[in-house]
Amino acid sequence: MTLLQWLVAAITAAFVAVIAFLQWRTAQQKAVLDLFDRRFKIYETVKNCVDHMKGNPQDFGGWQEKEFLKAVNEAHFFFGDDIRKYLETLRKAILTVRDTTRLQATTADRDEAISRISKFDEEGQPLFAKYMRFSQTVPSTFGSWLRGWR
């Protein structure tokens with residue numbers, strides 16, 4: 001009888017351990033996905049503002065500027081210093097273009113700022129991409145985990 005009790009307890013303990021592992025793994029994957037979603041939202045906001053600046057810089061302002069500044073502030077917590085520094089230079093370029101456009105003045109600073117904004121796809125996207133990649137592209141299943149033990 002004690003052998004049967006020990007066997008039942010061992011099987012129950014193993015089952016509980018497997019369930020705990022799977023719950024931990026699910027929580028870990030959810031945290032990674034939530035972080036990706038937050039980062040992608042910031043990236044999307046920045047890209048939309050850059051695209052708007054490329055197409056119609058004189059209309060940039062109001063809610064677009066607020067959204068951009070909010071994204072820059074949030075990026076401080078979700079990305080590294082490289083993104084923060086890049087977004088600060090991008091913000092200065094956007095302000096330069098916006099302000100010189102409103103004043104109807106064409107300056108070398110404005111042309112340089114437009115060039116910096118236009119290079120977002122070449123310079124900004126690779127910086128963001130570094131933070132947006134998943135280290136594990138397909139979640140492992142319990143079956144594949146068991147096959148690894150053979």
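The values are calculated or read from the model by the stated rules, or taken from the named source; none is laboratory data. As the structure is a prediction and not an experimental result, all values here were calculated from the model. All Cβ positions, even for glycine, are placed from backbone atoms using ideal geometry, and neighbour counts span all protein chains on display.
Things to note:
- T96 fulfils the conditions (1) modelled with pLDDT under 90; (2) more than 17 Å from S118 (Cα to Cα); (3) more than 18 Å from the chain's Cα centre (by Cα) except for a single criterion, (2).
- Listed by first and then second residue, the pairs linking a residue in the stretch 95-107 that is within 15 Å of E65 (Cα to Cα) to a residue that is crowded, with 18+ Cβ neighbours inside 10 Å and modelled with pLDDT of 75 or more, with Cβ atoms under 7 Å apart and 6 or more places separating them unless they lie on different chains, are T96/R110; T96/A113; V97/M53; V97/R110; V97/A113; V97/I114; V97/I117.
- Extreme residue, surrounded by the fewest Cβ atoms within 10 Å (Cβ to Cβ), among residues of the stretch 45-83 that are under 18 Å from R116 (Cα atoms) and under 14 Å from the mean Cα position of the chain (by Cα): D82
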